[in-house]
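S.K.: Please read through the structure below; I'll follow up with questions.
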Amino acid sequence: MAAAKKAVLGPLVGAVDQGTSSTRFLVFNSKTAELLSHHQVEIKQEFPREGWVEQDPKEILHSVYECIEKTCEKLGQLNIDISNIKAIGVSNQRETTVVWDKLTGEPLYNAVAAPVSPGPSDPAAVVPSGSSVPAAGPSSVWLDLRTQSTVESLSKRIPGNNNFVKSKTGLPLSTYFSAVKLRWLLDNVRKVQKAVEEDRALFGTVDSWLIWSLTGGASGGVHCTDVTNASRTMLFNIHSLEWDKELCEFFEIPMKILPNVRSSSEIYGLMKISHSLKAGALEGVPISGCLGDQSAALVGQMCFHDGQAKNTYGTGCFLLCNTGRKCVFSEHGLLTTVAYKLGRDKPVYYALEGSVAIAGAVIRWLRDNLGIIKTSEEIEKLAKEVGTSYGCYFVPAFSGLYAPYWEPSARGIICGLTQFTNKCHIAFAALEAVCFQTREILDAMNRDCGIPLSHLQVDGGMTNNKILMQLQADILYIPVVKPSMPETTALGAAMAAGAAEGVGVWSLEPEDLSAVTMERFEPQINAEESEIRYSTWKKAVMKSMGWVTTQSSESGMP
């Protein structure tokens, strides 16, 4: 019997999407942005002590090989020729810190992950969904307790004023970012100290570890990172786009262990066969795209112009607003970060970043703590039954208020209750809370960069909730735009890889980017009603403040 004919498609591009709870490999058609196949593997998180989050770098690497292998098998079953995969991009969890031995390829300690959302003074956030967390509930706060004392001692040494770190990096001195985790490893792990002394140690975020390993590891692997990941280390000068000597001296980090910083879209190296695993399927394919996960989502959402913003709805929310070629420093507790640099000779673009600590987590709280829903999906059904909160407002300040308030004395409240209020109204108010918090971050972005938003682009698991999306459009009073293809983070990494010089299979020209179709939610209330609801929310927020009269250990803010 004749072999089935292989499907003829345009050039294909693969993307590794390595996150805190899982790894995926996805393959896209570069001409249509269509997702052809993917495979996902869950990743364990380890909690050796309260407030410590670690992952096994070898497990992360093995999961990447497994995902590549399985995706290639699935493509074969679809009669798609894997030799048509012309490039691979990498998108990764940011800030997570890995140190390994360049002679053996062995990690010298577990990857030290970030258990919190970032902010000016180390605000807390919920643990990512899917984590094996002690039964403290989703309102728990997880500071990186391991590195808290490191930050305290460093803060006493800051020269001049507190802007020393922020003026160079766009980031506050915080346990969240890689420099402090690396300093902890150098202070506390003898294997790391010894390897540095013997010139065997390499440091990197997860992208560096993967690219080094995939391009040969100890047999000539490429030790590099891209500008977006480098900008989250607290060692990188976002103006000069280089490792900063003064910062490295301040943190006492030897510069010889740092990766080379490259653009987000260029050929870093070629895939090499792994002798320990089967994943030799894509040997010789260039790895040519690299972006931190939130930057990858910004690119995947095609936010290439000043003032375009995206919001990723998950356990919390991550908002990024493209500020163009200028670095905008926030007066409202937002972070300044590198958005992308799509080519060696292309300009760098910057972004303001803000996060909502409690988004999907409030839905889980209703499920796990109050028991008014059995699954997270039920919230849409409950909210739909009433179509209003009936004057009920829910401020989920479980561990204080974060950007733009930074008020550790606040606690969660549900107010505006009447005898008529039922669980459906509370469910509706919880969805509204996610939208109001998003508006507060976007208002802060507006004040910082002076570019009013014309629409908001959205992605993440919660965007499947149509009531939430409509509420977001109503509360922002601008359209909310959701791509029909939800894998925007992986798509962004694939676009960067396919567009790289020497690959050239993915055009980033505006006329060529219309392949992804969008679902659009227009405001359905008038502007006056939108403002009344928002001002009432602000009144509720004010009432949530001052509950904790002394700053105690139950607060997530130092």
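S.K.: With a Förster radius of 41 Å, plug the Cβ-Cβ distance of Ile525 and Lys346 into 1/(1 + (r/R0)^6) and report the FRET value to the nearest 0.05.
M.R.: It comes to 0.50.
S.K.: Between Tyr477 and Glu106, what is the FRET efficiency for a Förster distance of 51 Å, r being their Cβ-Cβ separation, to the nearest 0.05?
M.R.: FRET efficiency, Tyr477 to Glu106: 0.40.
S.K.: At Leu417 and Arg447, where each label point lies 7 Å from the Cα along Cα→Cβ, what is the point-to-point distance in nanometres?
M.R.: With each label placed 7 Å out from Cα toward Cβ, I get 3.2 nm.
S.K.: Hey, could you grab the Kirkwood Rh for the chain? Inverse mean 1/r over distinct alpha carbon pairs, Å, one decimal.
M.R.: 24.0 Å
S.K.: Here's another thing I want to ask about it. Could you give the length gained on full extension between Glu252 and Glu385, defined as 0.36 nm per residue of separation minus the Cα-Cα distance, in nm?
M.R.: Taking 0.36 nm per residue and subtracting the Cα distance, the gain is 42.0 nm.
S.K.: Which value in nm describes the separation of the simple spin-label points at Ser240 and His305, placed 7 Å from the Cα toward the beta carbon?
M.R.: Each label point lies 7 Å from its Cα, and together they span 3.5 nm.
S.K.: Normalised by the number of residues in the chain, what is the relative contact order in percent for Cα pairs under 8 Å and 6+ residues apart?
M.R.: 16 percent
S.K.: A further question on this structure: Rounded to the nearest 0.05, what FRET efficiency do Thr375 and Ser149 have when you use their Cβ-Cβ distance and R0 = 45 Å?
M.R.: About 0.65, to the nearest 0.05.
S.K.: Please give me the summed charge of the neighbours of Ser530: other residues whose Cβ is under 12 Å from its Cβ, Lys and Arg +1, Asp and Glu -1.
M.R.: Counting the neighbours of Ser530, the net charge comes to -3.
S.K.: So for each of 319-325, 10-16 I average, over its residues, the number of other beta carbons within 10 Å; can you give me the resulting order with the highest mean first?
M.R.: 10-16, 319-325
S.K.: For region 24-71, rounded, prolate or oblate, judged on the Cα gyration tensor with a ≥ b ≥ c (square roots of eigenvalues), a/c < 1.5 rounded, else prolate if a/b > b/c?
M.R.: Prolate shape, in that a/c is at least 1.5 and a/b is the bigger ratio.
S.K.: Okay, moving on. At 222 nm, what helix-only mean residue ellipticity would the chain give, in deg cm²/dmol to the nearest 500, using -39500 (n - 2.57) for each DSSP H run of four or more?
M.R.: Estimated from H runs of four or more residues: -9000 deg cm²/dmol.
S.K.: Still on this structure: For the pairs Lys156/Lys181; Lys181/Lys466; Lys31/Lys168; Lys181/Lys539; Lys58/Lys156; Lys58/Lys256, note any where the Cα-Cα span goes beyond 29 Å.
M.R.: In this structure, Lys181/Lys466; Lys31/Lys168; Lys181/Lys539; Lys58/Lys156 exceed 29 Å between Cα atoms.
S.K.: Same structure, new question: Restricting everything to alpha-carbon atoms, can you work out Rg to Rh for region 312-435 with a Kirkwood hydrodynamic radius?
M.R.: Using Cα coordinates only, the ratio equals 1.11.
S.K.: Can you list residues from other chains, or at least 5 along the same chain, whose modelled amide H is less than 5 Å from the amide H of Asn311?
M.R.: Gln457, Val458, Asp459
S.K.: Another question, if that's okay. Work out from phi, with θ = phi - 60° and the Karplus expression 6.51 cos²θ - 1.76 cosθ + 1.60, the ³J(HN,Hα) of each residue of region 60-67, listed in order in whole Hz, and give x for Gly and Pro.
M.R.: Values per residue, Gly and Pro as x: 4, 5, 4, 5, 5, 4, 4, 5 Hz.
S.K.: Between Asn163 and Asn260, how many nm apart are label points set 7 Å from Cα along the C-beta direction?
M.R.: With each label placed 7 Å out from Cα toward Cβ, I get 3.5 nm.
Values quoted throughout were computed directly from the atomic coordinates according to the rules given, and no laboratory measurement underlies them. Treat the numbers as computed from the prediction; the structure is a model and nothing was measured. As a convention, Cβ positions derive from the backbone with ideal geometry for all residues, glycine included, and neighbour counts pool all protein chains shown.
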